[in-house]
Amino acid sequence: MQFRNPVLAAAQLAAAVLLSAATAADAAGPAPARNDFRVETLDGQTLRVREIVTAKKEERSGAQPLVLIHGARVPGIASFDLDVPHGSLAADLASALGTAVYVMDARGYGGSGRPAAMERPPGESRPLSRANEVVRDIDAVVREVSRRHANAQVNLLGWATGGMWAAYYASLWPERVGRLVTLNALYGGASTHPTLGPGSPNADPAHPERLRPAMGGYARYDAASLLPSWDRSIPSDDKAAWRAPEIARAYADAALRSDPQSGRHTPPAFRAPLGAIEDSFYQAGGRRLFDASFITAPVLVVRSERDFWSRPEDAEAFARDAVRAASVRIVTIPGATHYVHLDRPERGRERLTGELAGFLRGTGATASSGS
């Protein structure tokens with residue numbers, strides 16, 4: 001179309017831009033409100049929890065609150081609540097579900113208390129924050145969240161090792177869990193793994209079925225260590241076509257800020273317990289740390305097609321074992337990476353959030369498996 005009057009054309013274009021911006025703002029809804037608080041576990045650990053709610057929005061009738069559980073290395077805020085576009089799965093789900101979403105840090109991570117051994121050199125302790133300890137953390141958070149919501153059941157979503165921890169918890173206290181989502185989680189569905197478990201660099205050469213004794217209690221990670229596995233998963237030389245550069249920067253910055261001691265090292269590096277690596281080592285070798293047959297909630301098992309952590313066999317074995325679950329559905333997101341919730345919307349994130357919202361609302365498909 002050609003405009004005969006340049007002034008009128010400019011005015012019309014400006015009006016269209018303003019209308020588009022206003023429409024986008026209305027669609028996005030009000031900005032989320034955030035509140036950080038602390039809970040204490042039965043064994044005396046103090047945990048940081050963030051509550052995310054959509055401001056000026058009434059909680060949907062019957063909606064159950066949701067707790068997000070991070071995996072190894074990077075804690076909750078950096079995993080689920082980055083302050084950049086498409087960087088906060090927590091805020092997106094709070095808006096979509098009409099209920100509060102909570103992001104927790106397990107012991108030894110982020111804003112939660114750290115075991116005393118993390119103030120000493122790494123080699124002076126066993127791997128810290130194992131699954132049997134983290135389920136106590138999840139229990140403390142679930143009980144407090146339930147109390148805040150009139151003793152409602154609580155939905156759980158765990159990413160990677162967090163998915164294993166969430167399912168472990170759901171097997172111990174099935175009556176407290178409304179719905180369970182595991183995202184790219186190991187389960188012990190196969191005895192071999194490309195990078196984890198027996199035969200990997202983490203194995204003890206003298207006893208390949210065991211973790212190497214020199215692993216230590218925790219490790220330090222700098223910003224550069226966070227991106228290689230993500231980069232290798234992206235089937236394009238142009239990583240920005242798959243992952244927004246501001247997401248990568250915010251992810252690394254938030255991980256470093258999570259540890260007040262990061263700045264003591266050159267380059268800056270944050271601490272993370274290695275119990276998650278020991279848990280994953282055994283799962284990668286075919287051992288199962290919990291019995292999924294105790295889970296009674298509806299379950300959504302989500303895998304990214306290009307995930308380097310979980311295997312199709314993990315999803316299939318979990319579905320076979322979860323015989324008492326109200327339903328189990330397996331969803332594989334085509335072409336998506338392990339970090340699907342932080343990738344660009346068209347690279348799997350949009351599909352993921354849609355699947356999650358439908359399932360957590362109780363309106364999604366309930367078939368025993370699917371894709």
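Which pairs turn up if I take residues in the stretch 305-334 that are more than 23 Å from G285 (Cβ to Cβ) and of a type in the set (D, E, K, R) and look for partners that are outside any helix (DSSP H, G or I) and open to solvent by 40 Å² or more (accessible area, probe 1.4 Å) with beta carbon separation below 8 Å, at least 6 apart in sequence or on another chain?
Every condition considered, the pairs that remain are E305/T332; E305/P334; R324/T296; R329/A365; R329/T366; R329/A367; R329/S368; R329/S369.
Looking only at the stretch 180-203, filter to residues that are open to solvent by 20 Å² or more (accessible area, probe 1.4 Å) and more than 30 Å from S327 (Cα to Cα); which one of those is nearest to the chain's Cα centre (by Cα)?
My answer is T195.
Could you list, in sequence order, all residues of the stretch 185-208 that are touching a helix residue (DSSP H, G or I) at 6+ places or on another chain (Cβ under 7 Å) and either part of a helix (DSSP H, G or I) or touching a residue at least 60 places away in the same chain (Cβ under 8 Å) (or both)?
A185, L186, Y187, G188, G189, A190, H193, L196, G197, N202, listed by residue number.
Look at S233 and say whether it is touching a Lys or Arg at 6+ places or on another chain (Cβ under 6 Å), under 30 Å from S191 (Cβ atoms) and polar (S, T, N, Q). Lay out the reasoning, then the answer.
Details: touching a Lys or Arg at 6+ places or on another chain (Cβ under 6 Å): yes; under 30 Å from S191 (Cβ atoms): yes; polar (S, T, N, Q): yes.
It is true that S233 is touching a Lys or Arg at 6+ places or on another chain (Cβ under 6 Å), under 30 Å from S191 (Cβ atoms) and polar (S, T, N, Q).
What's the total number of residues in the stretch 313-351 that are closer than 13 Å to I247 by Cβ and of a type outside the set (S, T, N, Q)?
Final tally of qualifying residues: 9.
Quick check on my filter: what residues within the stretch 330-346 are open to solvent by less than 10 Å² (accessible area, probe 1.4 Å) and among the acidic types (D, E)?
D343
Tell me, which residue of the stretch 117-133 that is in contact with a Ser or Thr (Cβ under 9 Å, 6 or more places away or on another chain) and more than 30 Å from F359 (Cα to Cα) is surrounded by the fewest Cβ atoms within 10 Å (Cβ to Cβ)?
Taking the candidates together, the pick is A117.
From Y102, Y109, grab the single residue that is of a type outside the set (A, V, I, L, M), more than 15 Å from A72 (Cβ to Cβ) and buried (at least 24 other Cβ atoms within 10 Å of the Cβ).
Y102
Could you tell me how many of the residues in the stretch 291-302 are open to solvent by 20 Å² or more (accessible area, probe 1.4 Å) and either within 18 Å of S191 (Cβ to Cβ) or within 20 Å of the chain's Cα centre (by Cα) (or both)?
Counting residues in the stretch 291-302 that are open to solvent by 20 Å² or more (accessible area, probe 1.4 Å) and either within 18 Å of S191 (Cβ to Cβ) or within 20 Å of the chain's Cα centre (by Cα) (or both) gives 1.
Which numbered condition in (1) modelled with pLDDT of 95 or more; (2) outside any helix (DSSP H, G or I); (3) of a type in the set (A, V, I, L, M, F, W, C); (4) within 20 Å of Q153 (Cα to Cα) is the only one that A63 fails?
Tallying (1) modelled with pLDDT of 95 or more; (2) outside any helix (DSSP H, G or I); (3) of a type in the set (A, V, I, L, M, F, W, C); (4) within 20 Å of Q153 (Cα to Cα), A63 fails exactly one: (1).
The rows are residues; the columns are (1) open to solvent by 70 Å² or more (accessible area, probe 1.4 Å); (2) farther than 30 Å from A250 by Cα; (3) at pLDDT 95 or above; (4) out of contact with any Lys or Arg (no Cβ under 7 Å at 6 or more places or on another chain).
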site	(1), (2), (3), (4)
Q2	yes, yes, no, yes
A11	no, yes, no, yes
D26	yes, no, no, yes
E40	yes, no, yes, yes
L68	no, no, yes, yes
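In the stretch 221-240, how many residues are touching a residue at least 60 places away in the same chain (Cβ under 8 Å) and either open to solvent by 10 Å² or more (accessible area, probe 1.4 Å) or not aromatic (F, W, Y) (or both)?
7
Please tell me if R210 is open to solvent by 20 Å² or more (accessible area, probe 1.4 Å) and under 28 Å from P121 (Cβ atoms).
Details: open to solvent by 20 Å² or more (accessible area, probe 1.4 Å): yes; under 28 Å from P121 (Cβ atoms): yes.
Yes.
Inside the stretch 116-162, can you point out the residues that are part of a loop (DSSP other than H, G, I, E, B), of a type outside the set (A, V, I, L, M) and closer than 24 Å to Q283 by Cβ? Don't jump to the end; show me each part of the working.
Initially, the stretch 116-162 is screened for residues part of a loop (DSSP other than H, G, I, E, B), giving 120-121, 125-130, 149-153, 160.
Subset that is of a type outside the set (A, V, I, L, M): 120-121, 125-127, 129-130, 149, 151, 153.
Once the filter is applied, which keeps residues that are part of a loop (DSSP other than H, G, I, E, B), of a type outside the set (A, V, I, L, M) and closer than 24 Å to Q283 by Cβ, the stretch 116-162 yields S125, R126, P127, S129, R130.
For the stretch 83-98, give me each residue that is open to solvent by 10 Å² or more (accessible area, probe 1.4 Å) and either of a type in the set (A, V, I, L, M, F, W, C) or part of a helix (DSSP H, G or I) (or both).
Answer for the stretch 83-98, where residues must be open to solvent by 10 Å² or more (accessible area, probe 1.4 Å) and either of a type in the set (A, V, I, L, M, F, W, C) or part of a helix (DSSP H, G or I) (or both): V84, A91, D92, S95, A96.
Could you list, in sequence order, the residues of the stretch 264-277 that are out of contact with any helix residue (DSSP H, G or I) (no Cβ under 7 Å at 6 or more places or on another chain), over 17 Å from A117 (Cβ atoms) and open to solvent by less than 70 Å² (accessible area, probe 1.4 Å)?
Passing the criteria: only H265.
Looking at the stretch 152-161, is at least one residue over 21 Å from E316 (Cα atoms) and open to solvent by 50 Å² or more (accessible area, probe 1.4 Å)?
To start, the set of residues in the stretch 152-161 that are over 21 Å from E316 (Cα atoms) comprises 152-155.
Among the residues that remain, those that are also open to solvent by 50 Å² or more (accessible area, probe 1.4 Å) are: 153.
Yes.
Out of all the residues in the stretch 168-179, is one or more at pLDDT 95 or above, surrounded by fewer than 19 Cβ atoms within 10 Å (Cβ to Cβ), among the aromatic types (F, W, Y) and out of contact with any Lys or Arg (no Cβ under 6 Å at 6 or more places or on another chain)?
Looking through the stretch 168-179, at least one residue is at pLDDT 95 or above, surrounded by fewer than 19 Cβ atoms within 10 Å (Cβ to Cβ), among the aromatic types (F, W, Y) and out of contact with any Lys or Arg (no Cβ under 6 Å at 6 or more places or on another chain).
The values are calculated or read from the model by the stated rules, or taken from the named source; none is laboratory data. Predicted model only: the values in this text are computed from it and were never measured. Every residue, glycine as well, gets a Cβ built from its backbone with ideal geometry; the counts of neighbours run over all protein chains shown. Accessible surface is based on the protein model in full, side chains and every heavy atom, while ligands, DNA and RNA are left aside. Shrake-Rupley method; radii C 1.70, N 1.55, O 1.52, S 1.80 Å.
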